[in-house]
Amino acid sequence: MSMNLELQARTLIRDNNFINGQWVAAAGGRRFAVTDPATGKLVADVADSCPADARAAVDAAAAALPGWRATLPKDRAAVLRRWHALILEQQDALAALISLEQGKPLAEGRGEIVYGASYVAWFADEATRIYGDLIPQQQRGKRMSAIKEPIGVVAAITPWNFPLAMIARKIAPALAAGCTVVAKPAEDTPLTAIALVMLAHRAGVPDGVLNLISASRESAVEAVGEWLADSRVRKITFTGSTPVGKYLARESANSLKKASLELGGNAPFIVFEDADLDAAVTGLLAAKFRNGGQTCVSPNRVYVQRSVYARFSTLLSAKVAELRVGPASDPASQIGPMINVRAVEKIARHVEDALVNGALVLTGGRRLAELGPHYYAPTVLANATSRMLLCNEETFGPVVPLFAFDTEQEAVQAANDTPFGLASYFYSQDVRRIDRVSRALEAGIVGINEGALASEAAPFGGVKESGYGREGSKYGLDDYLSIKYLCQGGLE
Ligand code: NAP
(Lines give C-alpha, C1' and ligand atoms only; values in the text may rest on other atoms or scores of the structure.)
Protein backbone atom coordinates (compact mmCIF):
# COMPACT_ATOMS: atom_id res chain seq x y z
CA MET A 1 0.00 0.00 0.00
CA SER A 2 1.36 3.41 -0.87
CA MET A 3 2.33 5.68 2.00
CA ASN A 4 -0.31 8.13 0.78
CA LEU A 5 -3.09 5.54 1.04
CA GLU A 6 -1.98 4.45 4.47
CA LEU A 7 -2.02 8.10 5.57
CA GLN A 8 -5.56 8.45 4.19
CA ALA A 9 -6.61 5.35 6.12
CA ARG A 10 -5.11 6.80 9.28
CA THR A 11 -7.29 9.93 8.99
CA LEU A 12 -10.26 7.64 9.63
CA ILE A 13 -8.84 5.90 12.69
CA ARG A 14 -10.59 6.61 16.00
CA ASP A 15 -9.72 4.54 19.05
CA ASN A 16 -12.55 5.12 21.52
CA ASN A 17 -16.16 4.08 21.97
CA PHE A 18 -18.85 6.21 20.36
CA ILE A 19 -21.71 6.71 22.81
CA ASN A 20 -24.42 9.38 22.63
CA GLY A 21 -22.48 11.28 19.96
CA GLN A 22 -19.27 11.41 22.03
CA TRP A 23 -15.92 9.62 21.80
CA VAL A 24 -15.34 8.07 25.20
CA ALA A 25 -12.64 5.79 26.60
CA ALA A 26 -13.70 2.46 28.13
CA ALA A 27 -14.91 2.90 31.72
CA GLY A 28 -12.23 0.53 33.01
CA GLY A 29 -9.53 2.44 31.10
CA ARG A 30 -8.36 -0.70 29.33
CA ARG A 31 -7.30 -0.93 25.67
CA PHE A 32 -6.38 -3.71 23.26
CA ALA A 33 -4.16 -3.86 20.20
CA VAL A 34 -5.34 -4.06 16.59
CA THR A 35 -2.58 -5.39 14.35
CA ASP A 36 -1.95 -5.73 10.61
CA PRO A 37 -2.30 -9.45 9.78
CA ALA A 38 0.24 -9.07 6.96
CA THR A 39 3.04 -7.81 9.19
CA GLY A 40 1.91 -8.22 12.80
CA LYS A 41 2.57 -4.48 13.31
CA LEU A 42 0.40 -2.43 15.63
CA VAL A 43 -2.25 -0.37 13.82
CA ALA A 44 -3.99 1.15 16.88
CA ASP A 45 -4.85 0.55 20.53
CA VAL A 46 -8.60 0.78 20.98
CA ALA A 47 -11.06 0.86 23.89
CA ASP A 48 -11.59 -2.49 25.61
CA SER A 49 -15.13 -2.19 26.87
CA CYS A 50 -16.68 -3.59 30.01
CA PRO A 51 -20.35 -4.04 31.01
CA ALA A 52 -20.58 -0.40 32.19
CA ASP A 53 -19.76 0.76 28.65
CA ALA A 54 -22.32 -1.61 27.18
CA ARG A 55 -24.92 -0.28 29.61
CA ALA A 56 -24.08 3.34 28.77
CA ALA A 57 -24.56 2.54 25.07
CA VAL A 58 -28.04 1.11 25.74
CA ASP A 59 -28.91 4.09 27.96
CA ALA A 60 -28.13 6.38 25.03
CA ALA A 61 -29.95 4.23 22.46
CA ALA A 62 -33.04 3.91 24.68
CA ALA A 63 -33.14 7.65 25.31
CA ALA A 64 -32.81 8.43 21.60
CA LEU A 65 -35.45 5.92 20.50
CA PRO A 66 -38.64 8.03 20.92
CA GLY A 67 -37.19 10.87 18.85
CA TRP A 68 -35.77 8.71 16.07
CA ARG A 69 -38.83 6.49 15.65
CA ALA A 70 -40.97 9.65 15.34
CA THR A 71 -38.95 11.01 12.39
CA LEU A 72 -40.55 10.84 8.98
CA PRO A 73 -39.32 7.91 6.87
CA LYS A 74 -38.25 10.33 4.13
CA ASP A 75 -36.09 12.20 6.64
CA ARG A 76 -34.43 8.96 7.79
CA ALA A 77 -33.92 8.12 4.11
CA ALA A 78 -32.21 11.46 3.54
CA VAL A 79 -29.75 10.80 6.39
CA LEU A 80 -28.98 7.34 4.99
CA ARG A 81 -28.39 8.79 1.52
CA ARG A 82 -25.91 11.30 2.92
CA TRP A 83 -24.18 8.47 4.77
CA HIS A 84 -24.01 6.46 1.54
CA ALA A 85 -22.40 9.40 -0.27
CA LEU A 86 -19.82 9.91 2.50
CA ILE A 87 -18.87 6.22 2.46
CA LEU A 88 -18.26 6.34 -1.29
CA GLU A 89 -16.34 9.61 -0.98
CA GLN A 90 -14.00 7.82 1.42
CA GLN A 91 -13.82 4.61 -0.65
CA ASP A 92 -10.02 4.61 -1.04
CA ALA A 93 -9.27 5.45 2.58
CA LEU A 94 -11.82 2.91 3.88
CA ALA A 95 -10.46 0.21 1.57
CA ALA A 96 -6.95 0.93 2.82
CA LEU A 97 -8.20 0.72 6.40
CA ILE A 98 -9.84 -2.65 5.72
CA SER A 99 -6.59 -3.91 4.20
CA LEU A 100 -4.62 -2.64 7.18
CA GLU A 101 -6.66 -4.44 9.82
CA GLN A 102 -8.11 -7.36 7.87
CA GLY A 103 -5.52 -8.06 5.17
CA LYS A 104 -7.64 -8.38 2.02
CA PRO A 105 -6.16 -7.00 -1.21
CA LEU A 106 -7.01 -3.34 -1.90
CA ALA A 107 -9.17 -4.10 -4.93
CA GLU A 108 -11.30 -6.42 -2.80
CA GLY A 109 -11.50 -3.78 -0.07
CA ARG A 110 -12.76 -1.24 -2.61
CA GLY A 111 -15.36 -3.79 -3.74
CA GLU A 112 -16.46 -4.32 -0.15
CA ILE A 113 -17.03 -0.58 0.32
CA VAL A 114 -19.30 -0.39 -2.74
CA TYR A 115 -21.09 -3.56 -1.66
CA GLY A 116 -21.59 -2.42 1.95
CA ALA A 117 -22.67 1.05 0.83
CA SER A 118 -25.22 -0.47 -1.56
CA TYR A 119 -27.18 -1.69 1.49
CA VAL A 120 -27.27 1.83 2.88
CA ALA A 121 -28.71 3.17 -0.39
CA TRP A 122 -31.13 0.25 -0.64
CA PHE A 123 -32.53 0.72 2.85
CA ALA A 124 -32.75 4.49 2.36
CA ASP A 125 -35.27 3.68 -0.37
CA GLU A 126 -36.95 0.89 1.60
CA ALA A 127 -37.48 3.27 4.56
CA THR A 128 -40.08 5.09 2.50
CA ARG A 129 -41.94 1.89 1.60
CA ILE A 130 -42.90 0.53 5.01
CA TYR A 131 -46.55 -0.14 4.24
CA GLY A 132 -49.23 -1.49 6.56
CA ASP A 133 -52.57 -3.07 5.67
CA LEU A 134 -56.16 -2.00 5.84
CA ILE A 135 -57.85 -5.34 6.48
CA PRO A 136 -61.04 -6.02 4.49
CA GLN A 137 -63.97 -5.25 6.75
CA GLN A 138 -65.28 -8.17 8.83
CA GLN A 139 -68.01 -6.43 10.85
CA ARG A 140 -70.05 -3.24 10.44
CA GLY A 141 -68.77 -0.39 12.56
CA LYS A 142 -65.31 -1.90 12.97
CA ARG A 143 -62.11 -1.02 11.15
CA MET A 144 -59.11 -3.32 11.39
CA SER A 145 -55.62 -2.43 10.23
CA ALA A 146 -52.03 -3.53 10.69
CA ILE A 147 -49.20 -1.05 11.03
CA LYS A 148 -45.47 -1.66 11.23
CA GLU A 149 -43.38 -0.14 13.99
CA PRO A 150 -39.67 -0.15 14.77
CA ILE A 151 -38.87 -3.00 17.12
CA GLY A 152 -36.81 -0.81 19.49
CA VAL A 153 -33.16 -0.85 20.52
CA VAL A 154 -31.14 -3.27 18.34
CA ALA A 155 -27.82 -4.87 19.36
CA ALA A 156 -25.59 -5.69 16.36
CA ILE A 157 -22.58 -8.01 16.67
CA THR A 158 -20.39 -8.62 13.65
CA PRO A 159 -17.42 -10.71 12.46
CA TRP A 160 -14.04 -9.71 11.07
CA ASN A 161 -14.23 -11.07 7.52
CA PHE A 162 -16.17 -8.12 6.02
CA PRO A 163 -15.50 -5.34 8.53
CA LEU A 164 -17.65 -2.78 6.68
CA ALA A 165 -20.29 -4.75 4.80
CA MET A 166 -21.47 -6.94 7.67
CA ILE A 167 -22.15 -4.03 10.00
CA ALA A 168 -23.63 -1.82 7.25
CA ARG A 169 -26.08 -4.63 6.42
CA LYS A 170 -27.39 -4.38 9.99
CA ILE A 171 -27.21 -0.70 10.87
CA ALA A 172 -28.80 0.51 7.62
CA PRO A 173 -32.07 -1.46 7.93
CA ALA A 174 -32.26 -0.79 11.68
CA LEU A 175 -31.99 2.98 11.17
CA ALA A 176 -34.34 2.87 8.18
CA ALA A 177 -36.96 1.11 10.30
CA GLY A 178 -36.68 3.76 13.05
CA CYS A 179 -34.71 1.62 15.52
CA THR A 180 -31.71 2.81 17.50
CA VAL A 181 -28.54 0.72 17.62
CA VAL A 182 -25.76 -0.48 19.89
CA ALA A 183 -23.01 -2.27 17.97
CA LYS A 184 -19.90 -4.31 18.70
CA PRO A 185 -17.52 -5.22 15.88
CA ALA A 186 -14.99 -8.07 16.01
CA GLU A 187 -11.81 -7.81 18.05
CA ASP A 188 -9.59 -8.21 14.98
CA THR A 189 -11.27 -5.48 12.90
CA PRO A 190 -12.97 -2.74 14.94
CA LEU A 191 -11.43 0.24 13.11
CA THR A 192 -13.46 0.12 9.89
CA ALA A 193 -16.70 -0.15 11.88
CA ILE A 194 -15.68 2.77 14.07
CA ALA A 195 -14.92 4.84 10.95
CA LEU A 196 -18.29 3.90 9.48
CA VAL A 197 -20.09 5.09 12.60
CA MET A 198 -18.13 8.35 12.51
CA LEU A 199 -19.29 8.92 8.92
CA ALA A 200 -22.89 8.15 9.94
CA HIS A 201 -22.67 10.85 12.58
CA ARG A 202 -21.27 13.28 10.00
CA ALA A 203 -24.19 12.37 7.75
CA GLY A 204 -26.61 13.55 10.42
CA VAL A 205 -27.49 10.45 12.47
CA PRO A 206 -28.49 12.13 15.77
CA ASP A 207 -26.66 11.59 19.05
CA GLY A 208 -27.59 8.32 20.77
CA VAL A 209 -29.21 6.77 17.67
CA LEU A 210 -26.07 4.82 16.75
CA ASN A 211 -23.59 3.75 19.42
CA LEU A 212 -20.55 1.51 19.12
CA ILE A 213 -18.31 -0.14 21.67
CA SER A 214 -15.18 -2.15 20.89
CA ALA A 215 -13.99 -5.06 23.02
CA SER A 216 -11.26 -7.66 23.09
CA ARG A 217 -12.26 -11.32 22.78
CA GLU A 218 -11.90 -11.70 26.55
CA SER A 219 -14.11 -8.70 27.36
CA ALA A 220 -16.73 -9.32 24.66
CA VAL A 221 -18.58 -12.04 26.57
CA GLU A 222 -19.31 -9.81 29.58
CA ALA A 223 -19.96 -6.65 27.57
CA VAL A 224 -22.37 -8.37 25.17
CA GLY A 225 -23.80 -10.27 28.16
CA GLU A 226 -24.98 -6.92 29.48
CA TRP A 227 -27.00 -6.40 26.28
CA LEU A 228 -28.38 -9.93 26.38
CA ALA A 229 -29.67 -9.38 29.90
CA ASP A 230 -31.09 -5.89 29.27
CA SER A 231 -34.78 -6.04 28.42
CA ARG A 232 -34.58 -2.59 26.75
CA VAL A 233 -32.66 -4.30 23.92
CA ARG A 234 -35.46 -5.81 21.85
CA LYS A 235 -33.47 -7.39 19.08
CA ILE A 236 -30.15 -9.03 18.54
CA THR A 237 -28.72 -9.17 15.03
CA PHE A 238 -25.61 -11.29 14.69
CA THR A 239 -23.29 -12.46 11.95
CA GLY A 240 -20.66 -15.00 12.96
CA SER A 241 -20.12 -18.62 13.82
CA THR A 242 -22.89 -21.09 14.59
CA PRO A 243 -21.79 -21.92 18.17
CA VAL A 244 -21.74 -18.23 19.14
CA GLY A 245 -25.08 -17.66 17.36
CA LYS A 246 -26.67 -20.49 19.35
CA TYR A 247 -25.26 -19.09 22.57
CA LEU A 248 -26.67 -15.62 21.80
CA ALA A 249 -30.07 -17.08 20.93
CA ARG A 250 -30.16 -19.05 24.19
CA GLU A 251 -29.10 -16.09 26.32
CA SER A 252 -31.42 -13.58 24.70
CA ALA A 253 -34.37 -15.94 25.17
CA ASN A 254 -34.65 -14.80 28.82
CA SER A 255 -35.98 -11.45 27.67
CA LEU A 256 -37.50 -12.91 24.46
CA LYS A 257 -35.54 -10.69 22.11
CA LYS A 258 -36.15 -11.14 18.44
CA ALA A 259 -33.00 -12.57 16.80
CA SER A 260 -31.54 -12.57 13.31
CA LEU A 261 -28.65 -14.98 12.98
CA GLU A 262 -26.38 -15.08 9.92
CA LEU A 263 -24.19 -18.04 10.82
CA GLY A 264 -21.59 -20.37 9.41
CA GLY A 265 -21.87 -22.37 6.21
CA ASN A 266 -20.39 -25.47 4.63
CA ALA A 267 -21.28 -24.69 1.02
CA PRO A 268 -21.39 -27.47 -1.57
CA PHE A 269 -20.41 -26.71 -5.18
CA ILE A 270 -21.56 -29.39 -7.63
CA VAL A 271 -20.20 -29.76 -11.16
CA PHE A 272 -22.36 -32.04 -13.31
CA GLU A 273 -21.01 -33.70 -16.43
CA ASP A 274 -23.25 -31.51 -18.61
CA ALA A 275 -21.74 -28.29 -17.18
CA ASP A 276 -19.69 -25.76 -19.09
CA LEU A 277 -16.45 -26.70 -17.31
CA ASP A 278 -14.61 -23.45 -18.06
CA ALA A 279 -17.51 -21.47 -16.62
CA ALA A 280 -17.56 -23.75 -13.58
CA VAL A 281 -13.85 -23.17 -12.97
CA THR A 282 -14.33 -19.40 -13.29
CA GLY A 283 -17.33 -19.47 -10.95
CA LEU A 284 -15.51 -21.60 -8.41
CA LEU A 285 -12.45 -19.35 -8.41
CA ALA A 286 -14.66 -16.28 -7.84
CA ALA A 287 -16.71 -17.90 -5.10
CA LYS A 288 -13.88 -19.73 -3.35
CA PHE A 289 -10.95 -17.36 -3.31
CA ARG A 290 -12.65 -14.05 -2.47
CA ASN A 291 -11.13 -12.89 0.80
CA GLY A 292 -8.80 -15.90 0.65
CA GLY A 293 -11.70 -18.29 1.24
CA GLN A 294 -12.71 -16.48 4.44
CA THR A 295 -16.34 -15.96 3.50
CA CYS A 296 -19.47 -17.65 4.81
CA VAL A 297 -20.63 -18.49 1.26
CA SER A 298 -17.25 -19.88 0.22
CA PRO A 299 -17.58 -23.33 -1.43
CA ASN A 300 -16.22 -25.76 1.16
CA ARG A 301 -16.93 -29.05 -0.65
CA VAL A 302 -16.64 -29.40 -4.42
CA TYR A 303 -18.45 -32.40 -5.89
CA VAL A 304 -17.46 -33.29 -9.47
CA GLN A 305 -19.14 -35.98 -11.58
CA ARG A 306 -16.69 -38.81 -12.19
CA SER A 307 -16.78 -38.55 -16.01
CA VAL A 308 -15.42 -34.97 -15.92
CA TYR A 309 -13.40 -35.21 -12.69
CA ALA A 310 -9.96 -35.52 -14.28
CA ARG A 311 -10.55 -32.71 -16.79
CA PHE A 312 -12.06 -30.38 -14.21
CA SER A 313 -9.33 -30.97 -11.63
CA THR A 314 -6.60 -30.28 -14.23
CA LEU A 315 -8.25 -27.05 -15.40
CA LEU A 316 -8.85 -25.90 -11.84
CA SER A 317 -5.41 -26.75 -10.44
CA ALA A 318 -3.70 -24.86 -13.27
CA LYS A 319 -5.69 -21.71 -12.46
CA VAL A 320 -5.26 -22.01 -8.70
CA ALA A 321 -1.50 -22.46 -9.07
CA GLU A 322 -1.39 -19.06 -10.83
CA LEU A 323 -3.03 -17.13 -7.96
CA ARG A 324 -0.71 -14.51 -6.48
CA VAL A 325 -0.44 -14.46 -2.69
CA GLY A 326 0.94 -11.47 -0.83
CA PRO A 327 0.20 -8.47 1.33
CA ALA A 328 -2.49 -5.95 0.45
CA SER A 329 0.30 -3.42 -0.06
CA ASP A 330 1.34 -5.29 -3.26
CA PRO A 331 -1.15 -4.41 -6.04
CA ALA A 332 -0.47 -7.79 -7.67
CA SER A 333 -1.76 -9.74 -4.64
CA GLN A 334 -4.95 -11.69 -5.24
CA ILE A 335 -4.95 -13.43 -1.88
CA GLY A 336 -3.82 -11.79 1.33
CA PRO A 337 -2.87 -13.20 4.72
CA MET A 338 -5.36 -15.13 6.83
CA ILE A 339 -6.80 -13.10 9.69
CA ASN A 340 -4.74 -14.65 12.52
CA VAL A 341 -2.62 -17.61 13.54
CA ARG A 342 -5.66 -19.59 14.77
CA ALA A 343 -7.11 -19.38 11.25
CA VAL A 344 -3.91 -20.69 9.61
CA GLU A 345 -3.67 -23.48 12.16
CA LYS A 346 -7.23 -24.61 11.42
CA ILE A 347 -6.52 -24.71 7.67
CA ALA A 348 -3.28 -26.67 8.23
CA ARG A 349 -5.10 -29.10 10.53
CA HIS A 350 -7.81 -29.71 7.91
CA VAL A 351 -5.26 -30.34 5.16
CA GLU A 352 -3.14 -32.66 7.33
CA ASP A 353 -6.22 -34.63 8.32
CA ALA A 354 -7.25 -34.93 4.65
CA LEU A 355 -3.79 -36.18 3.63
CA VAL A 356 -3.72 -38.77 6.41
CA ASN A 357 -7.11 -39.99 5.18
CA GLY A 358 -6.03 -40.41 1.55
CA ALA A 359 -6.32 -37.01 -0.14
CA LEU A 360 -3.74 -35.93 -2.75
CA VAL A 361 -2.33 -32.43 -3.14
CA LEU A 362 -2.80 -31.17 -6.74
CA THR A 363 -1.42 -27.74 -5.89
CA GLY A 364 -0.51 -25.83 -2.71
CA GLY A 365 -0.98 -27.73 0.52
CA ARG A 366 1.46 -25.78 2.67
CA ARG A 367 1.96 -22.67 4.75
CA LEU A 368 3.84 -19.83 3.04
CA ALA A 369 6.14 -19.08 5.97
CA GLU A 370 8.45 -17.13 3.65
CA LEU A 371 5.70 -14.45 3.42
CA GLY A 372 4.80 -14.50 7.13
CA PRO A 373 3.04 -16.61 9.74
CA HIS A 374 -0.49 -15.85 8.43
CA TYR A 375 -0.12 -17.07 4.85
CA TYR A 376 -1.38 -20.33 3.35
CA ALA A 377 -0.99 -21.41 -0.27
CA PRO A 378 -4.09 -21.71 -2.49
CA THR A 379 -4.69 -25.44 -2.47
CA VAL A 380 -6.55 -28.10 -4.45
CA LEU A 381 -6.92 -31.58 -2.96
CA ALA A 382 -8.14 -34.61 -4.90
CA ASN A 383 -9.76 -37.77 -3.48
CA ALA A 384 -11.63 -35.98 -0.69
CA THR A 385 -14.14 -38.07 1.28
CA SER A 386 -16.89 -37.46 3.80
CA ARG A 387 -14.73 -38.76 6.67
CA MET A 388 -12.41 -35.78 6.45
CA LEU A 389 -12.63 -32.74 8.74
CA LEU A 390 -12.83 -30.41 5.76
CA CYS A 391 -16.06 -32.06 4.67
CA ASN A 392 -17.69 -31.51 8.03
CA GLU A 393 -16.40 -28.11 9.20
CA GLU A 394 -15.94 -24.74 7.53
CA THR A 395 -12.24 -24.55 6.58
CA PHE A 396 -12.45 -20.76 6.06
CA GLY A 397 -9.32 -20.64 3.94
CA PRO A 398 -8.04 -21.09 0.36
CA VAL A 399 -8.52 -24.87 0.17
CA VAL A 400 -10.62 -26.69 -2.45
CA PRO A 401 -11.31 -30.37 -1.72
CA LEU A 402 -12.60 -32.33 -4.73
CA PHE A 403 -15.08 -35.17 -4.15
CA ALA A 404 -16.08 -37.53 -6.99
CA PHE A 405 -19.71 -38.62 -7.48
CA ASP A 406 -21.64 -40.78 -9.96
CA THR A 407 -25.33 -39.82 -9.86
CA GLU A 408 -27.34 -36.65 -9.35
CA GLN A 409 -29.09 -38.20 -6.37
CA GLU A 410 -25.77 -39.05 -4.75
CA ALA A 411 -24.50 -35.47 -5.25
CA VAL A 412 -27.62 -33.86 -3.80
CA GLN A 413 -27.62 -36.24 -0.85
CA ALA A 414 -23.97 -35.49 -0.09
CA ALA A 415 -24.52 -31.74 -0.51
CA ASN A 416 -27.38 -31.81 2.00
CA ASP A 417 -25.59 -34.10 4.45
CA THR A 418 -24.57 -31.26 6.80
CA PRO A 419 -26.24 -29.37 9.62
CA PHE A 420 -25.57 -26.14 7.68
CA GLY A 421 -27.59 -24.54 4.89
CA LEU A 422 -26.31 -21.14 3.80
CA ALA A 423 -25.08 -21.06 0.19
CA SER A 424 -24.87 -23.82 -2.39
CA TYR A 425 -23.82 -23.83 -6.03
CA PHE A 426 -24.17 -26.07 -9.03
CA TYR A 427 -23.23 -26.03 -12.69
CA SER A 428 -25.34 -27.79 -15.32
CA GLN A 429 -26.79 -26.97 -18.72
CA ASP A 430 -29.74 -29.33 -18.44
CA VAL A 431 -32.89 -27.28 -17.75
CA ARG A 432 -34.76 -30.12 -16.06
CA ARG A 433 -31.83 -30.90 -13.81
CA ILE A 434 -31.50 -27.20 -12.95
CA ASP A 435 -35.11 -27.16 -11.81
CA ARG A 436 -34.81 -30.41 -9.80
CA VAL A 437 -31.53 -29.61 -8.08
CA SER A 438 -32.43 -25.98 -7.24
CA ARG A 439 -35.44 -27.26 -5.33
CA ALA A 440 -33.67 -30.22 -3.72
CA LEU A 441 -30.74 -28.31 -2.20
CA GLU A 442 -31.24 -27.44 1.46
CA ALA A 443 -29.83 -23.92 1.50
CA GLY A 444 -30.99 -20.32 1.83
CA ILE A 445 -29.07 -19.34 -1.33
CA VAL A 446 -28.47 -21.30 -4.55
CA GLY A 447 -26.03 -20.21 -7.25
CA ILE A 448 -26.92 -21.79 -10.60
CA ASN A 449 -24.11 -21.47 -13.13
CA GLU A 450 -23.00 -18.45 -11.10
CA GLY A 451 -20.33 -17.93 -8.45
CA ALA A 452 -21.04 -14.31 -7.41
CA LEU A 453 -24.31 -14.23 -5.50
CA ALA A 454 -24.34 -11.23 -3.19
CA SER A 455 -26.61 -8.29 -3.95
CA GLU A 456 -28.40 -5.78 -1.78
CA ALA A 457 -31.56 -6.49 -3.78
CA ALA A 458 -31.58 -10.21 -2.89
CA PRO A 459 -32.53 -11.92 0.40
CA PHE A 460 -29.34 -13.20 2.05
CA GLY A 461 -29.55 -15.80 4.81
CA GLY A 462 -29.55 -19.46 5.70
CA VAL A 463 -31.63 -22.43 6.77
CA LYS A 464 -30.85 -25.22 9.27
CA GLU A 465 -27.92 -24.32 11.54
CA SER A 466 -26.84 -21.47 9.28
CA GLY A 467 -29.41 -19.35 11.07
CA TYR A 468 -32.57 -17.38 10.41
CA GLY A 469 -33.55 -13.93 9.20
CA ARG A 470 -32.73 -12.30 5.88
CA GLU A 471 -30.54 -9.31 5.06
CA GLY A 472 -31.09 -7.11 2.01
CA SER A 473 -34.04 -7.20 -0.40
CA LYS A 474 -37.62 -6.16 0.29
CA TYR A 475 -37.62 -8.66 3.19
CA GLY A 476 -34.63 -7.15 4.98
CA LEU A 477 -36.64 -4.57 6.95
CA ASP A 478 -39.06 -7.13 8.41
CA ASP A 479 -36.50 -8.25 10.99
CA TYR A 480 -36.44 -4.73 12.45
CA LEU A 481 -40.19 -4.14 12.53
CA SER A 482 -43.06 -5.44 14.61
CA ILE A 483 -46.64 -5.57 13.42
CA LYS A 484 -49.32 -3.85 15.45
CA TYR A 485 -52.96 -4.71 14.85
CA LEU A 486 -55.38 -1.81 15.35
CA CYS A 487 -59.06 -2.58 15.84
CA GLN A 488 -61.30 0.46 15.93
CA GLY A 489 -64.94 0.01 16.90
CA GLY A 490 -67.99 2.26 17.22
CA LEU A 491 -67.74 3.58 13.70
CA GLU A 492 -71.48 3.31 12.95
P1 NAP B 1 -17.41 -15.50 15.83
O2 NAP B 1 -16.26 -16.02 16.57
O3 NAP B 1 -18.74 -16.13 16.05
O4 NAP B 1 -17.47 -13.94 16.17
C5 NAP B 1 -18.45 -13.08 15.63
C6 NAP B 1 -18.66 -11.91 16.59
O7 NAP B 1 -19.18 -12.39 17.83
C8 NAP B 1 -17.38 -11.16 16.94
O9 NAP B 1 -17.70 -9.80 17.13
C10 NAP B 1 -16.97 -11.81 18.24
O11 NAP B 1 -16.13 -11.04 19.04
C12 NAP B 1 -18.33 -12.00 18.90
N13 NAP B 1 -18.32 -13.04 19.91
C14 NAP B 1 -17.66 -14.22 19.89
N15 NAP B 1 -17.97 -14.94 20.99
C16 NAP B 1 -18.84 -14.19 21.72
C17 NAP B 1 -19.53 -14.40 22.95
N18 NAP B 1 -19.41 -15.50 23.65
N19 NAP B 1 -20.34 -13.41 23.41
C20 NAP B 1 -20.50 -12.29 22.70
N21 NAP B 1 -19.89 -12.03 21.51
C22 NAP B 1 -19.06 -12.97 21.03
O23 NAP B 1 -17.19 -15.53 14.26
P24 NAP B 1 -15.92 -15.03 13.44
O25 NAP B 1 -14.84 -16.02 13.57
O26 NAP B 1 -15.63 -13.61 13.78
O27 NAP B 1 -16.51 -15.04 11.94
C28 NAP B 1 -16.48 -16.15 11.12
C29 NAP B 1 -17.81 -16.86 11.09
O30 NAP B 1 -18.82 -15.95 10.67
C31 NAP B 1 -17.84 -18.00 10.12
O32 NAP B 1 -18.50 -19.09 10.70
C33 NAP B 1 -18.66 -17.43 8.96
O34 NAP B 1 -19.30 -18.41 8.17
C35 NAP B 1 -19.62 -16.57 9.67
N36 NAP B 1 -20.18 -15.56 8.77
C37 NAP B 1 -21.48 -15.70 8.39
C38 NAP B 1 -22.02 -14.78 7.51
C39 NAP B 1 -23.45 -14.89 7.07
O40 NAP B 1 -23.95 -13.94 6.48
N41 NAP B 1 -24.14 -15.99 7.33
C42 NAP B 1 -21.24 -13.74 7.01
C43 NAP B 1 -19.91 -13.64 7.42
C44 NAP B 1 -19.39 -14.57 8.32
P45 NAP B 1 -14.54 -11.32 18.97
O46 NAP B 1 -14.08 -10.91 17.64
O47 NAP B 1 -13.99 -10.47 20.05
O48 NAP B 1 -14.34 -12.79 19.22
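The values are calculated or read from the model by the stated rules, or taken from the named source; none is laboratory data. Quick caveat: nothing in here was measured; it's all calculated off a predicted structure. Quick reminder, even Gly has a Cβ in these numbers, built from the backbone with ideal geometry, and neighbours come from all protein chains shown. These accessible areas exclude ligands, DNA and RNA; they are computed on the full protein's heavy atoms, side chains included. Shrake-Rupley method; radii C 1.70, N 1.55, O 1.52, S 1.80 Å.
Figures for the structure shown
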| quantity | calculated |
| --- | --- |
| Label point 7 Å beyond Cα of residue 449 along Cβ direction - residues of segment 400-433 with amide nitrogen under 15 Å | 426-433 |
| FRET efficiency, residue 386 to residue 92 (Cβ-Cβ, R0 45 Å, nearest 0.05) | 0.50 |
| Fraction of antiparallel bridges per DSSP, the chain only, in percent to nearest 5 | 40 percent |
| Relative contact order of segment 196-258, pairs being alpha-carbon contacts under 8 Å that are 6 or more residues apart, as % | 30 percent |
| Between segment 230-265 and segment 90-131, the Cα center-to-center distance that results, in Å | 24 Å |
| Principal axis dimensions, largest first and in whole angstrom, of segment 50-105 by Cα | 42, 36, 12 |
| Segment 370-480, relative contact order in percent, only Cα pairs under 8 angstrom and at least six apart counted | 19 percent |
| Charge-dipole axis of segment 99-200 as Lys and Arg at +1 and Asp and Glu at -1 on Cβ define it, positive-most pick from 102, 160, 141 | 141 |
| Whole-number accessible area per residue in Å² for segment 300-376, which is evaluated in the context of all protein chains at 1.4 Å | 48 Å² |
| Gyration tensor verdict on segment 149-241 (Cα atoms; rounded if a/c is under 1.5, prolate if a/b is larger than b/c, oblate otherwise) | oblate |
| Sulfur and carbon atoms: percent of accessible area, the chain [1.4 Å] | 53 percent |
| Selection from 179, 196, 121 lying farthest towards where the dipole of segment 118-210 points positive, charges on Cβ | 179 |
| Helix-derived mean residue ellipticity, 222 nm - over the chain, DSSP H n ≥ 4, -39500 (n - 2.57), to 500 | -12500 deg cm²/dmol |
| Whole-angstrom gap from segment 268-288 to segment 291-305, using each part's C-alpha centre | 11 Å |
| In Å², nearest 10: area of residue 23 left accessible to a 1.4 Å probe | 90 Å² |
| Among 48-55, 380-387, the order from most to least packed when residues are scored by Cβ within 10 Å on average | 48-55, 380-387 |
| All-pairs alpha carbon distance profile, segment 355-478, 5 Å steps from 0, percent | 2, 9, 14, 19, 18, 16, 11, 7, 3, 1 |
| Computed Kirkwood radius, in angstrom, where 1/r is averaged over Cα pairs of the chain | 23.4 Å |
| Nitroxide proxy distance, nm - points 7 Å out along Cα→Cβ at residue 202 and residue 482 | 3.6 nm |
| Lys, Arg +1 and Asp, Glu -1 on Cβ, resulting dipole of the chain about Cα centre, debye, nearest 20 | 1100 debye |
| Gain on full stretching of the segment that runs from residue 406 to residue 439 - 0.36 nm per residue minus C-alpha separation | 9.9 nm |
| Dimensionless Rg over Rh [segment 68-166; C-alpha; Kirkwood] | 1.18 |
| Rg/Rg_globular for segment 406-445, with Rg_globular taken as 2.2 N^0.38 Å and Rg from C-alpha atoms | 1.11 |
| Inter-label distance for residue 491 and residue 135, nm, one decimal - labels placed 7 Å from Cα along Cα-to-Cβ | 1.2 nm |
| Residues of type lysines that residue 246 reaches as a straight line, Cα spacing below 17 Å, ignoring anything fewer than 8 places off in the same chain | 235, 257, 258, 464 |
| Segment 117-177, accessible area per residue, ligands and nucleic acids excluded (1.4 Å, Å²) | 37 Å² |
